[in-house]
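Step one of this worksheet: look at the structure below.
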Amino acid sequence: MIHTTKFQHKKVLVLGLAKSGVAASMLLHKLGAFVTVNDAKPFEENPDAQNLLKMGITVICGRHPEDLLDEGFELVVKNPGIPYTNSIVKDALKKNIPVITEIELAYLVSEAPMIGITGTNGKTTTTTLIFEMLKAGNRKPKIAGNIGTVACGVAENASIDEVIVTELSSFQLMGIEQFKPKIAVLTNLYDAHLDYHGTFEDYAKAKFGITKNQTEEDYLIFNKDQNVVADWASKSNATKIPFSVKGRMKEGISADDSMIYWEGEPFIHRELIALPGKHNLQNILAAIAACNIYGCDKSAMEEVLKNFSGVRHRTQFVREWNGRKIYNDSKATNCLATKVALEAFHQPIVLIAGGLDRGHSFEELREAMKNVKAVVALGETKHRFIEFAKSCNVKKWDIATNIEEAVEKAAQLSENGDVILLSPACASWDQYKSFEVRGDLFIEAAMKLS
């Protein structure tokens, strides 16, 4: 860790706890700041606040006092989930008090270079692929951010010969001043989190914060196949590495039906890749580009591509059973995610779908339903999804009361050569606490098939 004096004797307000707030508070305290934590959760129900108080950190819980900033704070570190419309955040900015997120702290104390990954979809898969490839190549990676450990907690213990691979949200990237990854990856951009950002333009601007401090000595890997991404990338000062799945390119990294190319030259055969889907091919290209720039051995990348079956709950290969391949895509809580999953397969699909009813239409799935031979529906939307499936000429269908029963019925409806896919197109909260719980139960049920 770089022992910066930037925060020594400064009065710092950490707004909101959770993992990032706790890690930021502890790091700032260690760096000699006078830290005050403000969290909405009552103190008696807040073990994190209780532990911080024992360390000598001032804690204000259960409310957000209107006069809080009258205490002379010089910096606010906010939880990424707290919007900029929050009254304390607005007041701080009005008083010219800097407002940052913990990724800025991570950058300021890290001796290790950083590879940052952002985008609407594919962040977790790309981040995990980069980490696994660098690990296989003995490049000493650490993983941080939205997956793994909070970035400033990882950075605190990272050495100069290591590299931090970190997944970054638009919320985090809005709160940076000096943060500058050596390699930045932008997977794609679609409408998301507009309740937080207000407009797509503001959302995109936040995402491209990942490259705003980069110079030509740094690298920006970006999706050339998406015009909005390419347009934003053109504004970056970094050395640009485009990726495309639309055929061989002379620059950057690209792919056709049989080969992956680096700067127009054959690099890796696609037949080595275990992970299905065009969307995952984009993630793979971005990951290979990052690792190649970082000097990772090609054989290490190939070994990972042979064996990587997906991030848990994201088109994750579970097992092969009696000639059927079973995949867990419980993270698909909306139609776009399920559409992408369906388009990843050419085999006949037995689809398990349904969940929380938000009143949304399933029409976005219609074209992607052409390979679906049967549907098992569950949850609040079960009847609506079955009616939709019938309108798509799906001939076989059934209804299940829970995920375990859905697996059994899907197995009965399937044949040798089929794919059994959990991709619900709905949130899980009508029956399960989270998509992770739903996916774990699916995996458990799939492993019990005999």
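The values are calculated or read from the model by the stated rules, or taken from the named source; none is laboratory data. Being a predicted model, the structure only gives us computed values, none of them experimental. FYI the Cβ positions are ideal-geometry reconstructions off the backbone, even for glycines, and counts take in every protein chain you see. For accessibility, only protein heavy atoms count, side chains too; no ligands or nucleic acids. Shrake-Rupley method; radii C 1.70, N 1.55, O 1.52, S 1.80 Å.
Brief remarks on what is shown
- Where N is the number of residues in the range 98-139, Cα Rg divided by 2.2 N^0.38 Å: 1.42
- Take the Cα of Lys140, go 7 Å toward its beta carbon, and the backbone nitrogen atoms of the range 271-305 under 19 Å from that spot belong to 291-297.
- Taking 18 Å as the straight-line reach from the Cα of Lys30, the aspartates and glutamates in range (excluding those fewer than 8 positions away in the same chain) are Asp48, Glu74, Glu102, Glu104, Glu111, Glu156.
- Ranked by the mean number of other Cβ atoms within 10 Å of their residues, highest first, the peptides 97-110, 432-445, 186-199 fall in the order 97-110, 432-445, 186-199.
- Gaussian network model of the chain, springs between alpha carbon atoms under 10 Å - residue of Met55, Met26, Met114 with greatest fluctuation: Met55
- In this Cβ point-charge picture (+1 for Lys and Arg, -1 for Asp and Glu), the chain has a dipole of about 380 debye about its Cα centre.
- Rolling a 1.4 angstrom probe over the protein heavy atoms with all chains in place gives the range 24-105 an accessible area of 49 Å² per residue.
- Measuring against 24 Å, Cα to Cα, the residue pairs Lys19/Lys448; Lys140/Lys250; Lys6/Lys78; Lys11/Lys95; Lys78/Lys207; Lys10/Lys123 contain Lys19/Lys448; Lys140/Lys250; Lys10/Lys123 as the ones spanning a longer distance.
- For the chain, the Cα-based Rg and Dmax, in that order, read 23.4, 70 Å.
- Residue-normalised accessible area of the range 236-381, given per residue in Å² at a 1.4 Å probe: 41 Å²
- Relative contact order (percent, whole number), the range 141-265, Cα cutoff 8 Å, 6+ residue spacing: 16 percent
- Taking every C-alpha pair closer than 8 Å and separated by at least 6 residues, the mean separation divided by the residue count of the range 284-443 gives a relative contact order of 30 percent.
- For the options Gly295, Gly310, Gly359, a Gaussian network treatment of the chain with springs between C-alpha atoms closer than 10 Å singles out Gly359 as fluctuating the most.
- Distance from the range 241-282 to the range 148-188 (C-alpha centre basis), Å: 26 Å
- Residue order for Ser254, Ser450 - accessible surface, 1.4 angstrom probe, largest first: Ser450, Ser254
- Electrostatic tally near Gly21: other residues with Cβ closer than 12 Å to its Cβ, Lys and Arg +1, Asp and Glu -1, net 0.
- Highest-first arrangement of 227-236, 328-337, where packing means the average Cβ count within 10 Å: 328-337, 227-236
- If you run the Gaussian network model on the chain, springs between alpha carbon atoms under 10 Å, then out of Ala238, Ala204, Ala40 the most flexible one is Ala40.
- Put simply, the convex hull of the Cα atoms in the range 1-116 casts, on average, a shadow of 7.3 nm².
- Between the listed residues Leu422, Leu351, Met369, the Cα displaced farthest toward the positive end of the dipole of the range 333-450, a dipole computed from Cβ unit charges relative to the Cα centre, is found at Met369.
- Peptides 214-221, 141-148 ordered by average Cβ neighbours within 10 Å, highest first: 141-148, 214-221
- The chain: Cys lacking any partner C-beta under 4.7 angstrom: Cys61, Cys152, Cys335, Cys392, Cys426
- ³J(HN,Hα) computed for each position of the range 386-396 - Karplus, 6.51 cos²θ - 1.76 cosθ + 1.60, integer Hz, glycine/proline x: 4, 4, 5, 4, 4, 5, 9, 6, 6, 8, 10
- For the range 312-434, the fraction of alpha-carbon pairs lying more than 19 Å apart is 37 percent, rounded to a whole number.
- Efficiency of FRET between Thr58 and His3 - r from beta-carbon atoms, R0 22 angstrom, step 0.05: 0.45
- A compact globular protein would have a Cα radius of gyration near 2.2 N^0.38 Å; the ratio found for the range 176-314 is 1.08.
- Net charge of neighbours whose Cβ lies under 14 Å from the Cβ of Pro113, counting Lys and Arg as +1 and Asp and Glu as -1: 0
- Spatial separation of Cα centroids for the range 16-72 and the range 405-426, in angstrom: 47 Å
- The fraction of accessible area contributed by carbon and sulfur in the chain is 48 percent, rounded to a whole number (1.4 Å probe; ligands and nucleic acids excluded).
- Among residues other than Ala155 with Cβ under 11 Å from its Cβ, the summed charge is -4 (Lys and Arg +1, Asp and Glu -1).
- Mean separation of Cα contacts under 8 Å, 6 or more apart, over the residue count of the range 227-314: relative contact order %: 20 percent
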